[in-house]
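What follows is a short report on a single structure.
The values are calculated or read from the model by the stated rules, or taken from the named source; none is laboratory data. Computed from a prediction, not measured in an experiment: that's the story for all the values here. When we count neighbours, we look across all protein chains shown, and the Cβ atoms used for this are built from the backbone with ideal geometry, even at glycine.
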Amino acid sequence: MLIITRKPGEKIMLGDDVVVHVMEIVGNSVRVGIQAPRSLPIYREEIWDAVRKENQAAAQATPDSLPTPARPAA
């Protein structure tokens, strides 16, 4: 892991396409802005973990454990 000290207004470059902007620091909280191509998904870690767990659960589901679709009313 690379640890870098930055001040508000300073930036970190990740390759040619991604820029991390340090927007502000208030107490123990840091606001960052991320400039990246739209094709690059960016998630907060807790969201990424939740999506990954949900995908794993869906991949392990057996067909008989899935709900059956409701029949339309006549």
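Summary table
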{"quantity": "Tabulated pairs, the stretch 44-61, first modelled with pLDDT of 90 or more, second surrounded by 10 or more Cβ atoms within 10 Å (Cβ to Cβ), C-beta under 6 angstrom, 6+ apart or interchain", "calculated": "none"}
{"quantity": "Residue tally, condition over 22 Å from residue 6 (Cα atoms), basic (Lys, Arg) and surrounded by 10 or more Cβ atoms within 10 Å (Cβ to Cβ), over the stretch 18-74", "calculated": "2"}
